[in-house]
2 protein chains.
Amino acid sequence: MNKVYDLIIIGAGPAGITAGIYASRQKMNTLFVTKDFGGQIGKKAVDIENYPGFKKITGSDLIKKLEEHLESQEALVERDEVVDVEKEGDKFLVKTANKKKFESYTVIVASGADPRPLEVPGEKEFIGRGISYCAVCDGPLFRDKTVAVIGGGNEGFEDAIFMTNYARKIYILEYGSKIKADETNQELVKKLGKTEIITNAKLERIEGDKFVDSIIYKDLKTKKDKELKVDGVFVAIGSQPATAFVKGLVLFNKRDEIIVKYETCQTKTEGLYAVGDCNTGRFKQVVTAAGEGAKAALAAYGYLQEIK
Amino acid sequence: MNKVYDLIIIGAGPAGITAGIYASRQKMNTLFVTKDFGGQIGKKAVDIENYPGFKKITGSDLIKKLEEHLESQEALVERDEVVDVEKEGDKFLVKTANKKKFESYTVIVASGADPRPLEVPGEKEFIGRGISYCAVCDGPLFRDKTVAVIGGGNEGFEDAIFMTNYARKIYILEYGSKIKADETNQELVKKLGKTEIITNAKLERIEGDKFVDSIIYKDLKTKKDKELKVDGVFVAIGSQPATAFVKGLVLFNKRDEIIVKYETCQTKTEGLYAVGDCNTGRFKQVVTAAGEGAKAALAAYGYLQEIK
């Protein structure tokens, strides 16, 4: 069997990297097990304007800075995908896709969550060129534009509420015949104006030249295709946290997010923490993820002192 | 009466500034009421090595970057000290030392906490030159050195536990005849070795040339002065959150920290949030403060949409 690490961090976005920086500074013997560095922001095509200290920075540049910061510390990195985490006594056993096994006394899950994709033609082509998975992040880029929000749940309505600050006109497209968002959100969207709600709308494709120009949806009542001219599309059909590998040790909410105590980000299992987009936290921001990474690393350090 | 702001932020350290960046980006009409910019880290004499994205940066440089980031947004700043906050209906009334009054729908308290000073000769002279108020921040600078921790409560014992990673030898000085730290902490300090506990020790003064060389304390049993050669002094006699002005609207723990729900940092009063060092959060770090600022601003924004 391998050596027993003090801490294994699964995933290396802002939350995981910050946990690594803190853990290393406290001389915790730390191993990252991660497919890649950067998480969601590494793939972001638009600039980040709300990570404090950087007025405007691309996602990839910010990740580069975080990675350099981490490299100045002493954490090890194993490039692999975690497929299972178990606990035996006071040790965690982390198994990977490449059939490796690692042991540790604490684990921080920072595996993020990917927005559920639309899976329609045009989606991949226009990511970062009109298609966004985060209204809070990208909303300000659509000042005085027309946008469509795909998804009539709370997420979609909240996107639309947020976008009334910027957009000239907003469409919400909902596949079902009924809106699922809370009454409060529905009332608010109505009160704020600007937003037109279209139910029974099945998105067919996204069209454009360099940027998004329009979306085509099928009206499920009339079975006819309709076109909407839009400059932007916000995807709000939920997310898919990559957390199945830890299912035996944590509780999930109905969105498969890991339930934690927010002060420390501890899960229901002692020594096991979940930070950033994979937990139930309401606000999925780079700086909130980083803050949680620091909290979990310091909490893991405290726990380690107790058990060792 | 003045106009009614969407948000008033009290204090402008990392937590308050981040809240301001987030609030401005959401077009909240925001006013800072603060004596100064920077909070505790603005005064820090040692480099910060654990704010993700900056490998090593002075406190004042980091604050400058945060301030510039905030200035690129649209928040107003009133340089004044808040002396009272009241709530009337759904509006907050914020009163200042200069007898001004401001109204808002939401308030974020980010007024920080100052470590309680020792108030002995030599303290002010050697701040940043051997005297530290934060072991987690400055501990790594004392690798293989001898340090004294002043204060035999949990804070002091936790500082000593942390310092066993770095220091060669640690003294804990406690004024009383009994140690107040938890049994767990006491056991752990014993187990880790390196630390000598001195009770009945009244610190008299700190001496040195360019840096701290020694401390002089009175043995309260023998009434004799004793000298200890040390390279560093960690002050761990509690902190004084500057939160009295909000006492009618929040609950405090016994350290006068404001009790919040950690997911949003909301206090017991709707629309009123407390972030960073002034709340009960266990880990007082720049990045955790910043993360909380973002959470509270987004929560305040949500609340504002509901009531407006």
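The values are calculated or read from the model by the stated rules, or taken from the named source; none is laboratory data. Keep in mind that this is a model prediction, so the values were computed, not measured. For neighbour counting, all protein chains shown are included, and Cβ atoms are generated from backbone atoms with ideal geometry for every residue, glycine included. Heavy atoms of the whole protein, side chains included, go into the accessibility calculation; ligands, DNA and RNA do not. Shrake-Rupley method; radii C 1.70, N 1.55, O 1.52, S 1.80 Å.
For region A:284-308, residues that are at the interface with chain B (Cβ under 8 Å from one of its Cβ atoms), part of a helix (DSSP H, G or I) and modelled with pLDDT under 95 total 3. Of the residues B:GLU187, B:GLU196, B:GLU204, the single one that is outside any strand (DSSP E or B) and open to solvent by 10 Å² or more (accessible area, probe 1.4 Å) is B:GLU187. Evaluated against (1) open to solvent by 20 Å² or more (accessible area, probe 1.4 Å); (2) more than 29 Å from A:ASP182 (Cα to Cα); (3) touching a Phe, Trp or Tyr at 6+ places or on another chain (Cβ under 9 Å); (4) modelled with pLDDT of 95 or more, B:GLY232 falls short on exactly one condition, (1). Determine if region B:50-66 includes at least one residue that is more than 27 Å from B:ALA23 (Cα to Cα) and outside the structural domain of B:TYR217 (by TED's automatic domain parsing). Checking region B:50-66: at least one residue is more than 27 Å from B:ALA23 (Cα to Cα) and outside the structural domain of B:TYR217 (by TED's automatic domain parsing). Among residues that are open to solvent by less than 10 Å² (accessible area, probe 1.4 Å) and touching an Asp or Glu at 6+ places or on another chain (Cβ under 6 Å), A:VAL4 is not included.
Just to be sure before I move on: is B:ASP209 away from every other protein chain (no Cβ under 14 Å), open to solvent by 50 Å² or more (accessible area, probe 1.4 Å) and in contact with a strand residue (DSSP E or B) (Cβ under 8 Å, 6 or more places away or on another chain) in the structure I sent?
On the way: away from every other protein chain (no Cβ under 14 Å): yes; open to solvent by 50 Å² or more (accessible area, probe 1.4 Å): yes; in contact with a strand residue (DSSP E or B) (Cβ under 8 Å, 6 or more places away or on another chain): no.
The answer is no for B:ASP209.
May I ask you to list the residues in region A:267-297 that are surrounded by fewer than 22 Cβ atoms within 10 Å (Cβ to Cβ) and hydrophobic (A, V, I, L, M, F, W, C)? Residue satisfying the conditions is A:PHE283 alone.
The combined condition, being touching a strand residue (DSSP E or B) at 6+ places or on another chain (Cβ under 6 Å) and assigned by TED's automatic domain parsing to the domain that holds A:ASP144, is fulfilled by A:TYR217.
Within region B:93-167, which strands (runs of 3 or more DSSP E) (wholly inside it) include 2 or more residues that are of a type in the set (A, V, I, L, M)? So that I can check it myself, show each step before the final result.
On the way: elements: B:101-109, B:113-115, B:146-150.
Fully inside region B:93-167 and qualifying: B:101-109, B:146-150.
Against the definition (acidic (Asp, Glu), assigned to a strand (DSSP E or B) and either modelled with pLDDT of 95 or more or surrounded by 14 or more Cβ atoms within 10 Å (Cβ to Cβ) (or both)), how does B:GLU227 come out, yes or no? Yes: the conditions hold for B:GLU227. You will find that of B:VAL109, B:VAL136, B:VAL85, the residue that is within 19 Å of the chain's Cα centre (by Cα) and in the same structural domain as B:ALA297 (by TED's automatic domain parsing) is B:VAL109 and no other.
Summed over region A:266-283, residues that are within 11 Å of chain B (Cβ to nearest Cβ), more than 24 Å from B:GLY20 (Cβ to Cβ), free of Cβ contacts under 8 Å to residues at least 40 places away in the same chain and not polar (S, T, N, Q) total 0. Residues in region A:112-161 that are on the phi > 0 side of the Ramachandran plot and buried (at least 20 other Cβ atoms within 10 Å of the Cβ): A:GLY112, A:GLY122, A:GLY130, A:GLY151.
If only one of B:ARG205, B:ARG116 is touching a Pro at 6+ places or on another chain (Cβ under 6 Å) and of a type outside the set (A, V, I, L, M), which one is it?
Result of the check over B:ARG205, B:ARG116: B:ARG205.
Here region B:25-47 is the region considered, the condition is being open to solvent by less than 20 Å² (accessible area, probe 1.4 Å) and more than 23 Å from B:TYR105 (Cα to Cα), and the residue that is modelled with the lowest pLDDT is B:ILE41. Scanning region B:68-86 for residues that are at the interface with chain A (Cβ under 10 Å from one of its Cβ atoms) and either part of a helix (DSSP H, G or I) or modelled with pLDDT of 95 or more (or both) yields B:GLU68, B:HIS69, B:LEU70, B:GLU71. Apart from one condition, A:THR264 fits all of (1) within 18 Å of the chain's Cα centre (by Cα); (2) at pLDDT 95 or above; (3) open to solvent by less than 20 Å² (accessible area, probe 1.4 Å); the exception is (1). If we keep just the residues of region B:48-67 that are open to solvent by less than 60 Å² (accessible area, probe 1.4 Å) and among the acidic types (Asp, Glu), which is modelled with the lowest pLDDT? The extreme case among them is B:GLU49.
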